[in-house]
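Asks: Right, I'll just put the structure down here and ask away after.
The values are calculated or read from the model by the stated rules, or taken from the named source; none is laboratory data. Being a predicted model, the structure only gives us computed values, none of them experimental. As a convention, Cβ positions derive from the backbone with ideal geometry for all residues, glycine included, and neighbour counts pool all protein chains shown.
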């Protein structure tokens, strides 16, 4: 199966790191985050990558083009293209009714990707999305008449699931990507898939963390330094 990774965004919320390089090249320990992501797939037996380039894509291509560990295809998708528009650029590489992986270039997980594929095949829908409970950013407080009655430290949210990336898509997805090239996959296409009962969620209760902010980058780096990075173990 092909692994498609969205690598074209600007990464404005971590601009201190992305001023001179694309977000996927931010280092987590000795490796860039894109290498960590590709390693997750490679460890599960998938090593045929299609990187959808955009912002400072030439730097990403230069960094990885001589790396023999991965089979990489670099696809230029434009600077301001939306996620749906970027995916449309690979249509010619996907055979009729073929399944392929899709994820973002800024998220890490310890999930079993092979089980995700089995789950997708079982339900036989157009899109299977890994859903996760978002990590809480702050301690939770309950208050009564100015008195704090309960305080709980940061922990994973107990309710609600969000898109964690790490999806499996069928070639039929392209029937839902017929808007302009600025369209986002996470908008109308996903809403339409849901209404037509073609979108299923694979619940992952293990480790998952995106890297949207400098604080999140520092957290992931700390796991590497401690030797406790779940996606490597």
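To keep it simple, each residue is scored yes or no on (1) touching a strand residue (DSSP E or B) at 6+ places or on another chain (Cβ under 6 Å); (2) more than 26 Å from residue 179 (Cβ to Cβ).
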site: 9; (1), (2): no, no
site: 16; (1), (2): no, yes
site: 23; (1), (2): no, no
site: 27; (1), (2): no, yes
site: 45; (1), (2): no, yes
site: 48; (1), (2): yes, yes
site: 67; (1), (2): no, yes
site: 74; (1), (2): yes, no
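Asks: Conditions first: (1) over 27 Å from residue 81 (Cβ atoms); (2) over 18 Å from the mean Cα position of the chain (by Cα); (3) part of a helix (DSSP H, G or I). Residue 228 passes all but one, so which condition is the exception?
Replies: (3)
Asks: A follow-up question, please. What are the residues in the stretch 189-217 that are in a helix (DSSP H, G or I) and exposed (fewer than 15 other Cβ atoms within 10 Å of the Cβ), if any?
Replies: 191, 192, 194, 195, 214, 215
Each row is one residue, and each column tells you yes or no for (1) under 19 Å from residue 28 (Cβ atoms); (2) under 14 Å from the mean Cα position of the chain (by Cα).
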position: 56; (1), (2): yes, no
position: 61; (1), (2): no, no
position: 71; (1), (2): no, no
position: 92; (1), (2): no, no
position: 97; (1), (2): no, no
position: 104; (1), (2): yes, yes
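Asks: Another one. Quick check on this structure: which one of 10, 16 is assigned to a helix (DSSP H, G or I), touching a residue at least 24 places away in the same chain (Cβ under 8 Å) and surrounded by fewer than 19 Cβ atoms within 10 Å (Cβ to Cβ)?
Replies: 16 is the lone residue from the list that is assigned to a helix (DSSP H, G or I), touching a residue at least 24 places away in the same chain (Cβ under 8 Å) and surrounded by fewer than 19 Cβ atoms within 10 Å (Cβ to Cβ).
Asks: Right, residue 220: part of a loop (DSSP other than H, G, I, E, B), touching a residue at least 60 places away in the same chain (Cβ under 8 Å) and buried (at least 16 other Cβ atoms within 10 Å of the Cβ) or not?
Replies: Considered against the rule, which asks whether it is part of a loop (DSSP other than H, G, I, E, B), touching a residue at least 60 places away in the same chain (Cβ under 8 Å) and buried (at least 16 other Cβ atoms within 10 Å of the Cβ), residue 220 comes out as no.
Asks: If we keep just the residues of the stretch 23-32 that are touching a helix residue (DSSP H, G or I) at 6+ places or on another chain (Cβ under 6 Å) and touching a residue at least 60 places away in the same chain (Cβ under 8 Å), which is surrounded by the most Cβ atoms within 10 Å (Cβ to Cβ)?
Replies: Result: 24.
Asks: List the residue pairs whose Cβ atoms are under 7 Å apart, where the first residue sits in the stretch 161-178 and is in contact (Cβ under 8 Å) with a residue 60 or more places away in the chain and on the phi > 0 side of the Ramachandran plot, the second is assigned to a loop (DSSP other than H, G, I, E, B) and surrounded by 19 or more Cβ atoms within 10 Å (Cβ to Cβ), and the two are 6 or more positions apart or on different chains.
Replies: Short answer, once both residue conditions are applied: 166/111.
Asks: Is there a residue in the stretch 68-79 that is crowded, with 21+ Cβ neighbours inside 10 Å, part of a helix (DSSP H, G or I) and touching a helix residue (DSSP H, G or I) at 6+ places or on another chain (Cβ under 7 Å)?
Replies: No, the conditions are met nowhere in the stretch 68-79.
Asks: Being in contact with a helix residue (DSSP H, G or I) (Cβ under 7 Å, 6 or more places away or on another chain) and in a strand (DSSP E or B) is the filter here; which residues of the stretch 110-130 pass it?
Replies: Once the filter is applied, which keeps residues that are in contact with a helix residue (DSSP H, G or I) (Cβ under 7 Å, 6 or more places away or on another chain) and in a strand (DSSP E or B), the stretch 110-130 yields 127, 128, 130.
Asks: Pick from 163, 170, 121: which is at pLDDT 95 or above, under 30 Å from residue 95 (Cα atoms) and either surrounded by 15 or more Cβ atoms within 10 Å (Cβ to Cβ) or in contact with a strand residue (DSSP E or B) (Cβ under 7 Å, 6 or more places away or on another chain) (or both)?
Replies: 170 is the lone residue from the list that is at pLDDT 95 or above, under 30 Å from residue 95 (Cα atoms) and either surrounded by 15 or more Cβ atoms within 10 Å (Cβ to Cβ) or in contact with a strand residue (DSSP E or B) (Cβ under 7 Å, 6 or more places away or on another chain) (or both).
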